[in-house]
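Colleague: Okay, handing you the structure first.
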Amino acid sequence: MSVEPETDDNAEQIAQEIHENEEAVTLPSREKVKWWQSPDSGPNDTRRWGCIFPLLIVGIVAYWGYLGYGWLDGEGWIEHNHDTPVWIKGEWLAGEYRLCRMPLSPNQSLPLSAHLLCGQSGVDTLKDENAWPTDFVGSISDHEFFMLMAGQWSDVEQHFHVLPVNYWGKINRSNRTMFSWRCQRNGDSLTCKALN
């Protein structure tokens, strides 16, 4: 079998066949392809949502988780642990409950300025929720109380013991000036539940 050398006639014939077949070959246009489609995807191709759908689900779950945490925290179902200065009046037995107050000092925020004032059980039943416990006010000097009203806890720190406290309820609040807690002594720590 012999191979014919290419001639000008063969080259012209090949060029004419290529020219005739150009109309039959269509390539996908880049202008018709959207950013989420691959060039070979059709209009019903579900692969384009392969990345977007899981990210959407994760975003929705994170949003509802954030809202759920805030609601649970506000209802007292989330525990917060802080080492808190605690003023204790008299002897407080392990397992005993007391009503404790937590004042919000001017220009300070909770939990950084948290101090618990725990008078003797049942003695300090205040009708005014914003009043300072009378047994605490009676145990400090007038100058120390004046400094407290100015937001200076440093003058009365010698009257406090720093204890680990487990708070059940939202501690980072600013809607009042005095917060009430029902606290139980657990040996060397306290467990307190928000009352307001």
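Colleague: Of all residues in region 155-168, count the ones that are within 15 Å of P103 (Cβ to Cβ) and not hydrophobic (A, V, I, L, M, F, W, C).
Modeller: Number satisfying all stated conditions: 3.
For every residue, the table says whether it meets (1) under 28 Å from L93 (Cβ atoms); (2) under 30 Å from the mean Cα position of the chain (by Cα); (3) not small (G, A, S).
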site	(1), (2), (3)
W132	yes, no, yes
H143	no, no, yes
V165	yes, yes, yes
G169	yes, yes, no
N172	no, yes, yes
M178	yes, yes, yes
W181	yes, yes, yes
R185	yes, yes, yes
L195	yes, yes, yes
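Colleague: Inside region 175-190, can you point out the residues that are part of a loop (DSSP other than H, G, I, E, B) and among the polar types (S, T, N, Q)?
Modeller: Within region 175-190, N175, T177, N186, S189 meet the criteria.
Colleague: What pairs come out if I take residues in region 68-86 that are touching a residue at least 40 places away in the same chain (Cβ under 8 Å) and under 19 Å from C100 (Cβ atoms) and pair them with residues that are β-branched (V, I, T) and surrounded by fewer than 16 Cβ atoms within 10 Å (Cβ to Cβ) whose C-beta lies under 6 Å away, six or more apart or interchain?
Modeller: Hits for this filter: D83/V162; P85/V162.
Colleague: Taking the conditions exactly as written (among the aromatic types (F, W, Y) and closer than 18 Å to P133 by Cα), does Y97 satisfy them or not?
Modeller: yes
Colleague: I'd like to check something: does region 91-104 contain any residue that is among the aliphatic types (A, V, I, L, M), under 25 Å from the mean Cα position of the chain (by Cα), farther than 18 Å from S189 by Cβ and assigned to a loop (DSSP other than H, G, I, E, B)?
Modeller: Yes, region 91-104 has at least one match.
Colleague: Would you check if T125 is at pLDDT below 75 and of a type in the set (V, I, T)?
Modeller: Here the answer is yes, as T125 does meet what is asked.
Colleague: While we're here: For region 66-78, state whether one or more residues are surrounded by 12 or more Cβ atoms within 10 Å (Cβ to Cβ), part of a strand (DSSP E or B) and modelled with pLDDT of 80 or more.
Modeller: No.
Colleague: Then there's this: In this structure, is W168 in contact (Cβ under 8 Å) with a residue 60 or more places away in the chain and either surrounded by fewer than 14 Cβ atoms within 10 Å (Cβ to Cβ) or farther than 14 Å from N81 by Cα (or both)?
Modeller: no
Colleague: What's the number of the only condition in (1) in a loop (DSSP other than H, G, I, E, B); (2) at pLDDT 85 or above that N172 fails to meet?
Modeller: Against the list (1) in a loop (DSSP other than H, G, I, E, B); (2) at pLDDT 85 or above, N172 comes up short only on (2).
Colleague: State which residue pairs qualify: first residue farther than 18 Å from A131 by Cβ and inside region 145-157, second residue modelled with pLDDT of 85 or more and not in a helix (DSSP H, G or I) in any location, beta carbons under 7 Å apart, and separation of 6 or more residues or different chains.
Modeller: W153/H115; E157/P85
Colleague: Inside region 153-163, can you point out the residues that are more than 24 Å from A94 (Cα to Cα) and surrounded by fewer than 13 Cβ atoms within 10 Å (Cβ to Cβ)?
Modeller: S154 - this is the single residue of region 153-163 that is more than 24 Å from A94 (Cα to Cα) and surrounded by fewer than 13 Cβ atoms within 10 Å (Cβ to Cβ).
The values are calculated or read from the model by the stated rules, or taken from the named source; none is laboratory data. This is a predicted model, so every value here is computed, not measured. As a convention, Cβ positions derive from the backbone with ideal geometry for all residues, glycine included, and neighbour counts pool all protein chains shown.
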